[in-house]
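**Q** Take this structure, written in C-alpha cells, and hold onto it; I'll ask about it next.
The values are calculated or read from the model by the stated rules, or taken from the named source; none is laboratory data. None of these values were measured; they are calculated from a predicted model. All Cβ positions, even for glycine, are placed from backbone atoms using ideal geometry, and neighbour counts span all protein chains on display.
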C-alpha cells in the first residue's frame with residue numbers, strides 16, 4: 001500500500017509540471033495561481049496640482065510597476081484635453097520593457113492650454129496578456145487621470161506701481 005502511495009506521489013509531482021495537468025488543477029481549484037497584475041499610478045497623488053499657470057511648463061510623473069511574474073512590454077500614451085472637445089496629444093506613445101518586480105518612473109513634459117479652461121490629463125497603458133491566460137483579452141489596458149484648472153499667466157512686473 002505504501003509503495004502505491006509513493007508511486008502515486010511521484011506521478012503527481014511529475015505530472016504537476018505538465019501544462020495540461022496544471023490547467024486541470026486550476027479548473028478544479030486545486031492549484032494556486034500566482035496573481036498577475038500591473039500597477040499604474042501617480043507616486044504622490046495627493047500633491048497633484050489643482051490649478052496650473054498657463055505660462056509655466058509642467059511635468060507629469062507617474063510609475064509603472066510590473067507584478068506579472070514575467071517580463072512585459074508596456075506601451076503608454078499621455079494626452080491632455082481642454083475645455084472644448086479638443087484632444088491634444090502630449091507625447092508619442094512610448095514602450096518600456098520591465099522584468100517582474102521592476103518599476104519605471106516616467107516623466108513627460110506638458111503644455112497647458114489657454115487660461116480659464118479645465119485641464120484633464122490622461123495616462124493610458126496597454127500591454128499584451130500572458131499567453132497562459134486564456135480567459136483574458138489579447139491586450140490588457142488601464143488608465144489614470146487627474147484634472148486641474150488653468151490659471152492666467154503671471155503678469156510680469158516692469159517698473160514700480
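**Q** For region 56-92, what are the residues that are crowded, with 19+ Cβ neighbours inside 10 Å, more than 23 Å from residue 151 (Cβ to Cβ) and at pLDDT below 85?
**A** none
**Q** Among residues belonging to region 41-55 that are farther than 13 Å from residue 123 by Cβ and in contact (Cβ under 8 Å) with a residue 12 or more places away in the chain, point out the one that is surrounded by the fewest Cβ atoms within 10 Å (Cβ to Cβ). Even if it seems obvious, please write down each step before you answer.
**A** Step one: list which residues in region 41-55 are farther than 13 Å from residue 123 by Cβ, which gives 44, 46-47, 49-55.
Add one more test, that the residue is in contact (Cβ under 8 Å) with a residue 12 or more places away in the chain, and what stays is 49-55.
On the way: 49: 12, 50: 8, 51: 11, 52: 19, 53: 15, 54: 17, 55: 13.
Checking each candidate, the answer is 50.
**Q** Taking the condition at pLDDT 80 or above, under 18 Å from the mean Cα position of the chain (by Cα) and surrounded by 14 or more Cβ atoms within 10 Å (Cβ to Cβ), does residue 107 pass? Step through it out loud before you land on a result.
**A** Working: at pLDDT 80 or above: yes; under 18 Å from the mean Cα position of the chain (by Cα): yes; surrounded by 14 or more Cβ atoms within 10 Å (Cβ to Cβ): no.
No: the conditions fail for residue 107.
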